[in-house]
Amino acid sequence: VQLQASGGGLVQAGGSLRLSCAASGRTFSSYAMGWFRQAPGKEQDFVAAIIWSGGSTYYANSVKGRYTISRDNAKNTVYLQMNSMKPEDTAVYYCAAAVYSDYLDDGKTYRYWGQGTLVTVSS
């Protein structure tokens, strides 16, 4: 599976962005998908995840209520809608695909990673 993240950019605090992650291959619908982010000088953090069917979603406490993860298996794409954004949301955002739906907040669970897209939130 190859993953291509897009949609990053510069947004003012309080604004919104939607990230997309397009996957190649016919087995996209069998993978759980996740978003992670890495701010400058910091470790990579879990942001959100969604199981293969879209029936369950998981969020980091820092984004709960502001971010929404969704997927369209017909389009081989997972989305991250980010609202009420804060300067501390500034990071490179990565999408990833996991074979199993356990421990989706752990980056080690994921087998495939996209290249990342930069999100900058100005104050």
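For the stretch 99-109, putting each phi into the Karplus relation 6.51 cos²θ - 1.76 cosθ + 1.60 with θ = phi - 60° gives couplings of 6, 10, 9, 9, 6, 6, 8, 10, x, 5, 5 Hz, in residue order, rounded to whole numbers and with x for Gly and Pro. Rounded to the nearest whole Hz, the Karplus-based 3J(HN,Hα) values (6.51 cos²θ - 1.76 cosθ + 1.60, θ = phi - 60°) of the stretch 65-78 follow the sequence x, 10, 10, 9, 9, 8, 8, 10, 5, 5, 9, 6, 9, 10, with x at glycine and proline. Note on Glu43 and Ala13: their simple-model spin labels are 2.7 nm apart, each label 7 Å out from Cα toward Cβ. Taken per residue, the accessible surface of the stretch 42-89 reaches 53 Å², heavy atoms only and a 1.4 Å probe.
Note on Lys64: lysines with a C-alpha under 17 Å away, same-chain residues under 8 apart excluded, are Lys86. Structural descriptor for the stretch 39-99: relative contact order 26 percent, calculated from alpha carbon pairs under 8 angstrom and at least 6 residues apart. Could you look at the chain and say what percent of its accessible area is carbon and sulfur, using a 1.4 Å probe and all protein chains? After summing per-atom areas, the C and S share lands at 46 percent.
Treating only the Cβ of Lys, Arg, Asp and Glu as charged (+1, +1, -1, -1), what charge dipole size does the chain show about its Cα centre? Round to the nearest 20 debye.
On the way: 11 positive and 8 negative charges, 52 e Å.
In total the dipole reaches around 240 debye.
Could you tell me whether the stretch 7-46 comes out rounded, prolate or oblate from its Cα gyration tensor? Rule is a ≥ b ≥ c as square roots of the eigenvalues, rounded for a/c under 1.5, then prolate if a/b exceeds b/c, otherwise oblate.
Numbers: a/c = 2.98, a/b = 1.60, b/c = 1.87.
It comes out oblate by the Cα gyration axes.
The residue among Val92, Val11, Ala22 whose Cα reaches farthest toward the positive pole of the charge dipole of the chain, with charges on the beta-carbon of Lys, Arg, Asp and Glu, is Ala22.
Between beta-carbons, use under 12 Å as the cut-off and find the net charge around Ala49, counting Lys and Arg +1, Asp and Glu -1.
Details: positive: Arg71; negative: Asp102, Asp105, Asp106.
Overall, the nearby charge balance is -2.
Averaging Cα coordinates gives a centre for the stretch 86-123 and one for the stretch 23-70; these two points are 6 Å apart. Size estimate for the chain follows the Kirkwood approach: the inverse of mean 1/r over distinct Cα pairs works out to 14.1 Å.
The values are calculated or read from the model by the stated rules, or taken from the named source; none is laboratory data. The shown structure was predicted, so the numbers you read here are calculated from the model rather than taken from an experiment. Neighbour counts run over all protein chains shown; Cβ positions are idealised from the backbone, glycine included. Accessible surface areas use protein heavy atoms only, side chains included; no ligands, DNA or RNA. Shrake-Rupley method; radii C 1.70, N 1.55, O 1.52, S 1.80 Å.
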